[in-house]
1. Could you tell me the distance between the Cα centroids of the range 76-130 and the range 136-151, to the nearest Å?
2. For the range 76-127, list log₁₀ I(q)/I(0) at each q in 0.21, 0.27 Å⁻¹, using the Debye formula over Cα point scatterers of equal strength and ignoring solvent, two decimals each.
3. Could you check the spin-label model distance between Asp75 and Thr39? Points 7 Å from the Cα along Cα→Cβ, value in nm.
4. Leaving out ligands, DNA and RNA but keeping every protein chain, what accessible area does Asp113 have, in Å² rounded to the nearest 10, with a 1.4 Å probe?
5. Taking the Cβ of Val107 as the centre, find all other residues whose Cβ is under 11 Å away and add up their charges (Lys, Arg: +1; Asp, Glu: -1).
6. Within a Cβ distance under 10 Å of Gly76, other residues only, what is the Lys/Arg minus Asp/Glu net charge?
7. With all protein chains present, calculate the accessible area of Glu94 using a 1.4 Å probe and round the result to the nearest 10 Å².
Amino acid sequence: MAVSIDGGGGDRKKPLNAELNLVPYIDLLTCMVAFLLITAVWTQLAQIQVGQRGPGTIESDATPLDKIAVVVHEDGFNLVVGNDQKPLPKRAGELDYATLASELAAVKRTHPDRTDIQVVSADGIVFDKLVRTMDATTSAGFVDLSLLDAIPGS
């Protein structure tokens, strides 16, 4: 590609032959297109619908007896329904997700209109265990879940 630049001296123009190297720009665009195509697929892999309630807002028909929660701690799970707690201890040193799923299915059968549940976690719980707990709650039919941290000392 040739470029002609006016030298400022009347009608004479000095030819300036400059080659523009477009290869780095084409490489950059190719990498950007590949990156954008790959990340577009990742945005559709998993999605959790999150609805936030403001602090202090309580549903009109909710009472403390309606609370359904799963407490995750180092010793296992506690399934809380209203004022009743059912401990689900570890089995063979691991959290028992199968028992949790069956207990949640039983709770869903007794409360078929409920879709909300709270997952309460202690600080030392690994994120993978929380995700598996949330998977168990959603597979039991409790799709509106809230993730809460446990109150220290309780």
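1. Cα centroid of the range 76-130 versus Cα centroid of the range 136-151: 9 Å apart.
2. -0.88, -1.26
3. 4.6
4. So the heavy atoms of Asp113 present about 130 Å² to solvent.
5. Residues close to Val107 contribute a combined charge of +2.
6. -2
7. 110
The values are calculated or read from the model by the stated rules, or taken from the named source; none is laboratory data. Keep in mind that what you see is a predicted model, and the values were worked out from it rather than measured. No Cβ is skipped: glycine too gets one built from the backbone with ideal geometry, and neighbour counts run over all protein chains shown. Just the protein is used for accessible areas: all its heavy atoms, side chains included, with ligands, DNA and RNA removed. Shrake-Rupley method; radii C 1.70, N 1.55, O 1.52, S 1.80 Å.
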